[in-house]
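**Student:** Starting off with a structure, shown below.
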Amino acid sequence: MRNHPQSAQDIKQKINPIDFYESEQGKLLQHKGKWKDAGLCPFHADRSCGSFFIEPQGGGYTCFSCGAKGGDIIAFVMQKYELSFREALKKLALDWRIS
């Protein structure tokens with residue numbers, strides 16, 4: 001593996017958003033038209049399954065309960081794990097074994 005983090009474009013090309021969110025959620029996503037229902041939101045004590053949705057092509061996400069949202073899997077990792085952009089790239093590269 002390189003000593004420096006992958007570029008954002010490398011990360012987004014090598015990690016399928018659906019695979020990423022299914023891994024994060026620990027279950028398969030349910031199809032809901034253009035969006036995929038990812039179930040409970042990881043950003044608040046969600047009790048309403050179906051408030052957290054992802055966009056399968058670009059990886060954008062939104063929670064219609066708490067308002068958490070972002071444009072891709074990198075933004076998700078930054079928000080969920082409270083990481084900087086570079087730290088999020090490093091985490092994704094390590095977690096997904098991208099060299």
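**Student:** Compute the Rg to Rh ratio over the chain from the alpha carbon atoms, using the Kirkwood formula for Rh, and round to two decimal places.
**Tutor:** 0.97
**Student:** Out of GLN9, ILE73, LEU89, whose Cα points farthest toward the positive end of the dipole of the chain (charges: +1 Lys, Arg; -1 Asp, Glu; placed on Cβ)?
**Tutor:** Farthest towards the positive pole: GLN9.
**Student:** Now a separate question. Determine which lysines satisfy two conditions relative to LYS14: a Cα distance under 17 Å, and not lying fewer than 8 residues away in the same chain.
**Tutor:** Partners within reach: LYS90, LYS91.
**Student:** Please compute the net charge surrounding LEU40, taking Lys and Arg as +1 and Asp and Glu as -1 over other residues with Cβ under 9 Å from its Cβ.
**Tutor:** The answer is 0.
**Student:** Using Cα pairs under 8 angstrom and six or more residues apart, how large is the relative contact order of region 8-95, in percent? It would help to have the intermediate numbers written out before the result.
**Tutor:** Working: 120 pairs, mean separation 18.0, N = 88.
The normalised contact order for region 8-95 reaches 20 percent.
**Student:** On to the next question. Determine which residues of region 41-55 fall in the zone a paramagnetic label at ILE18 would reach in this model, i.e. backbone nitrogen under 20 Å from the point 7 Å along Cα→Cβ.
**Tutor:** Within reach of a label on ILE18: 50-55.
**Student:** Under the rule of at least 5 residues apart or a separate chain, name every residue whose amide H is placed under 5 Å from the amide H of ASP46.
**Tutor:** CYS41
**Student:** Let me ask another. Restrict the search to region 1-81; then list the trypsin sites (Lys or Arg not before Pro) that DSSP places in a loop and that have at most 14 other Cβ atoms within 10 Å of their Cβ.
**Tutor:** Qualifying residues, ordered by number: ARG2, LYS27, LYS34, ARG47.
Any read-out appearing in this document is the output of simple, stated calculations on the displayed coordinates, not a laboratory observation. In this text, all values refer to a predicted model and were calculated from it rather than measured experimentally. Heads up, the Cβs are rebuilt from the backbone with ideal geometry, glycines too, and the neighbour counts pull from every protein chain shown.
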